[in-house]
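This report refers to the structure that appears directly beneath it.
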Amino acid sequence: MNNPLLLLKKTGKGIKKKTIIILCIVLVIAAAAGGTWYVMGKMKTSGDTTLTPVTVTRGDISVVVSGSGTVEPIEQYNLVSLVSGEILSDNVTVGQTVKADDVLYTIDTSDAENNIKQSEIALQKQQLSYNQEVESYQNLTVTVPTAGVVTSLYVENGDDVSSGAKIADVVDSQTLKLKVAFNASDAGHLRLSQKAQVCLDTNGEILDGTVTQLYTGTYVTSSGAIVSDVEVTFKNPGALTNSETATVMIGGYACNSSGKISYGSEYTITTKTSGEVTGLKISEGDKVKAGSTLLTLSNPSSNVNLKSGKLSIEDAQLNLENMKNTLNDYIITSPISGTIIEKDYKGGDSLDDNKTTLAVVADMSKLIFTMSIDELDISQISLNQEVVITADALPDEEFTGYIDNIGIIGTSSNGVTTYPVEVVIENYKDLLPGMNVTADIVAEEVTDVIKVPVDAVTRGNVVLVTEEYANSLKTGDSSDAETAQTEADASEAPESSAQASAMPAVSASPDTTQAGAAPADTSPQPNQNDKKISAGDIVDRPDTPKGYKYIKVTTGLNDEDYIEITGGLTEGAQIFIITTTTDETEAATEETTGAGMMSGMSGGDMGGPPAGGGGPMG
């Protein structure tokens, strides 16, 4: 709610009588309406108000995040001995450049090598014993070597059997074999896996077969022919038995005489260890598949021996591995490529078991330091971002680095959280490890842009210009307005604080603006229900000095001093910063309703310029 009191500016001759009468009439009308009024009293100001002209310029703006740290090599390792013994040789010199895995120290390994040999022998013994236990355990499961039919079964569940006991007879009747004689001259043309035709003597049926064996020996038949035997294997088409006979034709060569068909396999299954028969689920006449389980034997001692043997072998393996790892400790190599910066032991020295540091190697190709970044700034930091670095020890030099790592775990202290950021310096010149440095990170930057002082832009993104310049923006002829503005500034601009105090009083509370934040201002703002205001439009405000106007601008990046103008102003234009100096202000606020608000008011309490500014009264 606007203050209805029209505070009048005092002159050297006092307040005009006509003005006082008008003021009294206004107060009586307001009191009769029953409204609520706020009366400001006892305000004392110096009245020093200045308008400082500023020329719109072009330049760069950057937002900088700063930190500090101590530089150190990007990598540094202490070469530590984990074993005892005499140093046989060293290849270490301070300042020497070494590569990763270069041998730097060799320590006597005689005792370690003897221990390794003993461990290897112990492991071999355990392995042999364990292999026997594994084989014995595996033999508890009796399997069928090839498919066939069980023709005889010699055990039942619950029987105790010893090693070598007969279990069952199995015959493979699905696969048949035929061994026939070929003339030796013909047999020389045959080969393994060659296709063959088997002709049954009983019915002349032709079956497909394959040559599975060529015998190299020859013999003479009763008819005087020199022959060699050939074996052919074929599938049983039905109910053929081992009593049938047949002839064979292979690649156009016929056998010399018929041969007798035999089953693919006939064998007796026996046990290879002792135990109680369990899990027997087959009977005589059942078909079995190759690899299928015929039965299992139960032998508790075999299970225990197997587990014990397994543990023993694992223990021996671990012992040997530890011995070999210890042997590796007798040869000390460089973990990185770098420079020897310290040497404490040499060849011929003896080492104890105290994990002694022999030397120090560092990667001096780059330096690195860690800086702590405030939680409010960490979002502006990114990997590979450029960092400008200075050192107190080298005041005339500047270095460039880049961000190599951004920590995600912050550290809180006194209510503030910071995050570690690692910076790498590749060209570090005269910097030495241990030096303290300060780093600046350009978080945001714009170059060659229109800019004005931050204090020139008040809340709502408006700036103060001459009335001529503001009106020219409506007509689009800002060049003439700038010329007129320059001439007006030369004749009207205050030359002293005394002249400045004669200008219309305005409210100019200084803004406290941080980099990246919009300028703050407590000036009255246009009604939000008004039409949309564009860059360059005039913004009416009650604190506008006579002869000047506020215009809308659009802004971009800003630092502590300048703010980017992206619309509403051109380079070379002139704007004004209002500064009001108030030495002392004593204000008392009294709420009065109705006619009673007039009591105690006198003309002497209304002197001085209005707090919100305004034009001079006539």
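The values are calculated or read from the model by the stated rules, or taken from the named source; none is laboratory data. Everything numeric in this text was worked out from a predicted model, so none of it was measured. In this analysis, Cβ positions are derived from the backbone assuming ideal geometry, glycine residues included, and neighbour counts consider all displayed protein chains. Each accessible area value is taken on the protein alone, full model and side chains, heavy atoms only, with ligands, DNA and RNA left out. Shrake-Rupley method; radii C 1.70, N 1.55, O 1.52, S 1.80 Å.
Side notes on the structure shown:
- Loop trypsin sites (Lys or Arg not before Pro), the range 88-184, which have at most 16 other Cβ atoms in a 10 Å radius of their Cβ (DSSP): LYS99
- ILE408 versus LEU432: modelled label distance in nm, points set 7 Å from Cα along the beta carbon direction: 4.0 nm
- Overall form of the range 99-144 per C-alpha gyration tensor (a/c, 1.5; a/b vs b/c): oblate
- Dipole size of the range 143-291 about its Cα centre, with +1 on Lys/Arg Cβ and -1 on Asp/Glu Cβ: approximately 460 debye, rounded to the nearest 20.
- For the range 240-285, the solvent-accessible area with a 1.4 angstrom probe is 50 square angstrom per residue.
- Applying both filters, DSSP loop and at most 10 other Cβ atoms within 10 Å, to the GluC sites (Glu not before Pro) of the range 112-180 gives GLU156.
- 5 angstrom amide H check on THR143, placed H, neighbours 5+ away: LEU294
- The 1.4 Å probe gives accessible areas that order ILE441, ILE282, ILE331, largest first, as ILE331, ILE282, ILE441.
- Legend: distances between Cα atoms for LYS429/LYS451; LYS195/LYS287; LYS99/LYS343; LYS235/LYS289; LYS179/LYS235; LYS99/LYS429; pairs beyond 25 Å are LYS429/LYS451; LYS195/LYS287.
- Long pairs among LYS272/LYS307; LYS177/LYS281; LYS117/LYS346, criterion Cα-Cα beyond 27 Å: LYS177/LYS281; LYS117/LYS346
- Along the range 452-457 the Karplus relation, 6.51 cos²θ - 1.76 cosθ + 1.60 evaluated at θ = phi - 60°, assigns HN-Hα couplings of 9, x, 4, 5, 6, 9 Hz to successive residues, with x for each Gly and Pro.
- Per atom type, the range 159-282 shows carbon and sulfur on 47% of its accessible surface, probed at 1.4 Å.
- Label zone (ASP208, point 7 Å along Cα-to-C-beta; backbone nitrogen cut-off 17 Å) within the range 247-275: 249-252.
- Cubic angstrom per residue, convex hull over Cα atoms of the range 61-134: 269 Å³
- For the range 318-334, the Karplus equation 6.51 cos²θ - 1.76 cosθ + 1.60, evaluated at θ = phi - 60°, returns couplings of 5, 5, 5, 4, 5, 5, 5, 5, 5, 4, 5, 6, 7, 10, 9, 10, 7 Hz by residue, with Gly and Pro reported as x.
- Database remark: amide H of LEU394 closer than 5 angstrom to no amide H (H placed geometrically; neighbours at sequence offset of 5 or more, or on other chains; Pro and chain starts carry no H).
- What the phi angles of the range 150-164 give under the Karplus curve with 6.51, -1.76 and 1.60, with θ = phi - 60°, is a coupling list of 6, 9, 9, 10, 10, 10, 10, 4, x, 5, 9, 10, 9, 5, x Hz, glycine and proline written as x.
- Accessible surface, per residue, of the range 65-149 when the full set of protein chains is kept, probe 1.4 Å, Å²: 58 Å²
- Rotationally averaged projected area of the range 94-196 (alpha carbon convex hull; nm²): 19.9 nm²
- Working note: Debye formula, equal point scatterers on the alpha-carbon atoms of the range 260-399, no solvent; log10 I(q)/I(0) at q = 0.09, 0.14, 0.20 Å⁻¹ is -0.72, -1.04, -1.29.
- Within the same chain, aspartates and glutamates fewer than 8 places from LYS324 are excluded, and of the rest, those with a Cα less than 17 Å from its Cα are ASP108, ASP111, GLU113, GLU120, GLU314, ASP315.
- Cα-based shape type of the range 241-329, given that a ≥ b ≥ c are square roots of the gyration tensor eigenvalues and the cut on a/c is 1.5: oblate
- Neighbour cut-off at most 16 other Cβ (10 Å), DSSP loop, chymotrypsin sites (Phe, Trp or Tyr not before Pro), the range 189-242: TYR215
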